[in-house]
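Scroll down for the structure; my scribbles are underneath it.
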Amino acid sequence: MLRRLPGTAPGRPPDRPPRGRPAAGHLTSLLPPFLILLLGSSFNGLTQILIWLGAAAVDYAAIYVLRGSGRQAAAPGRFAERHGLIVVIALGESIVAVGVGARGHPLTYPVLAAAVGVLLIAATLWLLYFRQLSADAEAGSLAAGGDTRTRLAGEVYTFLHLPLVGGIVLTALGVESLLHQVADTEHYDLSEPLHGLSAWALGGGVGLFLPGMAAIRIRIDARPCAVLFLGGALCPVAGAGVVHVPGLLALALLAALVAAVAVLHGRAVRTGTAA
């Protein structure tokens with residue numbers, strides 16, 4: 001015969017809080033941005049974009065305000081797994097951008113060279129996140145407890161992951177424009193640089209990703225990451241130079257910079273762990 005443990009109500013597993021308050025809390029936090037999104041759907045252009053940005057701001061503000069409302073992050077491993085999948089999807093989109101940019105044009109050696117450069121950048125960003133950060137972020141969340149764990153999970157996996165994913169998306173925008181320019185030999189020359197937003201997006205996306213990683217590292221173990229901050233600062237600064245060099249050369253320089261950052265940061269992480 002099964003016996004009920006002392007201090008538990010019949011039919012309820014031990015040490016499991018009731019589900020009513022969390023569900024109500026989730027509905028309360030989701031309703032305002034949902035209503036703002038509905039309002040924005042009735043507009044067009046810049047007005048719609050501003051309203052939807054306002055919905056995102058309200059959503060993140062609600063998460064920040066409610067992070068100490070008694071909810072518990074009981075499974076940091078799930079946070080790490082699901083947000084890691086989001087990073088993987090974003091990296092996959094940056095690779096898909098190669099095919100989208102070169103679509104409808106013949107496969108040439110410059111296109112292959114550009115594709116290899118993009119794959120190197122994507123692989124290096126994957127290495128930086130999954131080999132040098134993700135496990136430490138999960139371990140830091142597991143080591144924390146109670147409200148501290150809840151705040152840490154909210155800050156790392158909600159706020160600080162945003163520049164990582166946004167940076168990859170921006171880089172994909174630059175990649176798509178670059179591949180189109182390299183593949184369309186009828187309208188562009190290989191010596192022609194990128195222009196406008198695409199030139200800034202190519203390096204600026206990585207310039208968002210690297211400081212985002214540094215911020216997560218500082219949050220989980222309070223160790224400054226000079227290599228990540230320096231690499232992140234160089235990327236947007238290099239955007240001013242991208243408009244003066246051929247697109248393929250700019251891509252090669254960005255791949256070399258990201259690889260150097262990964263090597264130096266990996267060395268710093270190993271040294272810090274050993275210490």
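The values are calculated or read from the model by the stated rules, or taken from the named source; none is laboratory data. Note that this is a predicted model, so its numbers are computed, not measured. No Cβ is skipped: glycine too gets one built from the backbone with ideal geometry, and neighbour counts run over all protein chains shown. Surface accessibility is based on the protein's heavy atoms, side chains included, excluding ligands, DNA and RNA. Shrake-Rupley method; radii C 1.70, N 1.55, O 1.52, S 1.80 Å.
Pull out all pairs, ordered by first then second residue, where Cβ-Cβ is under 9 Å, the residues are six or more apart or on different chains, the first lies in segment 240-256 and is open to solvent by 30 Å² or more (accessible area, probe 1.4 Å), and the second is hydroxyl-bearing (Ser, Thr, Tyr).
Pro246/Ser191
Have a look at Gly241, Gly207, Gly203 and point out the one that is over 16 Å from the mean Cα position of the chain (by Cα) and either closer than 17 Å to Ala260 by Cβ or assigned to a helix (DSSP H, G or I) (or both). Explain how you work it out, then say what you get.
Numbers: Gly207 fails: over 16 Å from the mean Cα position of the chain (by Cα); Gly203 fails: over 16 Å from the mean Cα position of the chain (by Cα).
When all the criteria are applied, what remains is Gly241.
Anything in segment 189-231 that is small (Gly, Ala, Ser) and open to solvent by less than 50 Å² (accessible area, probe 1.4 Å)? List them, or say none.
Gly196, Ser198, Ala199, Ala201, Gly203, Gly204, Gly205, Gly207, Gly212, Ala214, Ala215, Gly231
What are the residues in segment 21-53 that are small (Gly, Ala, Ser), loosely packed, with under 12 Cβ neighbours inside 10 Å and at pLDDT 70 or above, if any?
Within segment 21-53, Ser41, Ser42 meet the criteria.
Quick one: would you say Ala139 is at pLDDT 90 or above and assigned to a helix (DSSP H, G or I)?
The answer is no for Ala139.
Are any residues in segment 220-242 in contact with a Phe, Trp or Tyr (Cβ under 9 Å, 6 or more places away or on another chain) and closer than 30 Å to Thr185 by Cβ, and if so, which ones?
Cys235, Pro236, Gly239, Ala240, Val242
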